[in-house]
Amino acid sequence: MVTIPNILLVEDDAELSQLVSRRLIESGYEVRLAATGTQALSEVASKAPDLILLDIMLPELDGLEVCRRIRATHPLMYIIMLTARAEEMDRVVGLEVGADDYITKPFGLSELVARVRSALRRLRLTEENSGKKSEDEKIIHVGSLHIDVSKRTVLVRDQSIVLTVLEFDLLVHLARHLDQPFSRLQLLDKVWDIQYEGYDRTVDSHIQRLRSKIELDPGNPDFIKTVWGVGYKFQSPELD
């Protein structure tokens, strides 16, 4: 039996909401709607969706606060922020409070559907492949960092760390390619499964969040190193 992915669209612009909803339904998804931040939280509590499209500017509670609250109870929920604001800082803040990705309005419906499809494909493959790795691939141990790929758990200095879906996938990708530098576009391709230029800040924000969770001193990281002029690489502390 094929399960139809469930998407929660949180958007107070009724015309845009209907337009996006119609296109997503035509693309084979089940769509629920919420027009306020409070309604969004109620919908999530009623039935957790597979993915949330979350506008930043909402009545009652804005999208940033909704994202914070959802992250507190659903750390693995996939959240894509929708923002009409032009300032980069608004997008950065959205990522820093826990969004996996963002799309800036006005956006093309084809791009939106492609991003949703890519996100859901990654979630499905993650679920399908979690138990298929060899024993060597299932466990990654570097210094004080212990990653159980099949269980999707991370221990740092024997402390359990909670990561979002993309934070975990990004960490695993880097840790599996020890000391190999990746550009931001390469990481977008390999981890996000998208090839859109102009989303470099998405990678930077996820790297910053990862560092804040796994590094003893995020400002002077032991594991995730910046390779100036290139991007990032994962390095064992023993290699310093």
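The values are calculated or read from the model by the stated rules, or taken from the named source; none is laboratory data. What you see is a predicted model, and the numbers here were worked out from it, not measured in a lab. Reconstructed Cβ throughout: ideal geometry from the backbone, glycine too, with neighbour counts over all protein chains shown.
Go through the stretch 117-164 and give me each residue that's among the hydrophobic types (A, V, I, L, M, F, W, C), modelled with pLDDT under 85 and surrounded by 15 or more Cβ atoms within 10 Å (Cβ to Cβ).
At the first step, the residues of the stretch 117-164 found to be among the hydrophobic types (A, V, I, L, M, F, W, C) are 119-120, 123, 125, 139-140, 142, 145, 147, 149, 154-156, 161-163.
The next check asks that each one be modelled with pLDDT under 85; those that pass are 123, 125.
If the condition is that a residue be among the hydrophobic types (A, V, I, L, M, F, W, C), modelled with pLDDT under 85 and surrounded by 15 or more Cβ atoms within 10 Å (Cβ to Cβ), then Leu123 is the only one that fits.
Do you know which residues across the stretch 25-50 are aliphatic (A, V, I, L, M) and either surrounded by 21 or more Cβ atoms within 10 Å (Cβ to Cβ) or on the phi > 0 side of the Ramachandran plot (or both)? Step through it out loud before you land on a result.
The initial filter retains those residues of the stretch 25-50 that are aliphatic (A, V, I, L, M), namely 25, 31, 33-35, 40-41, 44-45, 48.
Listed by number, the residues that qualify are Ala34, Ala40, Val44.
Here are some conditions: (1) in a helix (DSSP H, G or I); (2) in contact (Cβ under 8 Å) with a residue 12 or more places away in the chain; (3) closer than 21 Å to Arg117 by Cα. Asp189 meets all but one. Which one does it not meet?
(2)
Taking the stretch 134-161, which residues are touching a strand residue (DSSP E or B) at 6+ places or on another chain (Cβ under 8 Å) and closer than 23 Å to Met77 by Cβ?
Selection gives Ile147, Asp148, Val149, Thr153, Val154, Leu155, Val156, Ser160, Ile161.
Quickly run through the stretch 154-172 and pick out the residues that are free of Cβ contacts under 8 Å to residues at least 24 places away in the same chain and more than 25 Å from Ile194 (Cα to Cα).
Passing the criteria: Leu155, Asp158, Gln159, Ser160.
Could you say which residue among Arg184, Arg157, Arg201, Arg209 is at positive phi and outside the structural domain of Arg121 (by TED's automatic domain parsing)? Reasoning before the result, please.
Working: Arg184 fails: at positive phi; Arg201 fails: at positive phi; Arg209 fails: at positive phi.
The unique qualifying residue is Arg157.
Take the residues of the stretch 222-240 that are assigned to a loop (DSSP other than H, G, I, E, B) and surrounded by fewer than 19 Cβ atoms within 10 Å (Cβ to Cβ): which is farthest from the chain's Cα centre (by Cα)? Write out each step before concluding.
Pass one, the stretch 222-240, residues assigned to a loop (DSSP other than H, G, I, E, B): 222-223, 228-230, 235-236, 240.
Narrowing further to those that are surrounded by fewer than 19 Cβ atoms within 10 Å (Cβ to Cβ): 228-230, 236, 240.
Numbers: Trp228: 24, Gly229: 24, Val230: 22, Ser236: 25, Asp240: 30 Å.
By that ranking, first place goes to Asp240.
Based on this model, can you work out whether Leu54 counts as more than 19 Å from Leu166 (Cβ to Cβ) and either part of a strand (DSSP E or B) or not β-branched (Val, Ile, Thr) (or both)?
Working: more than 19 Å from Leu166 (Cβ to Cβ): no; either part of a strand (DSSP E or B) or not β-branched (Val, Ile, Thr) (or both): yes.
For Leu54, the condition - more than 19 Å from Leu166 (Cβ to Cβ) and either part of a strand (DSSP E or B) or not β-branched (Val, Ile, Thr) (or both) - is not met.
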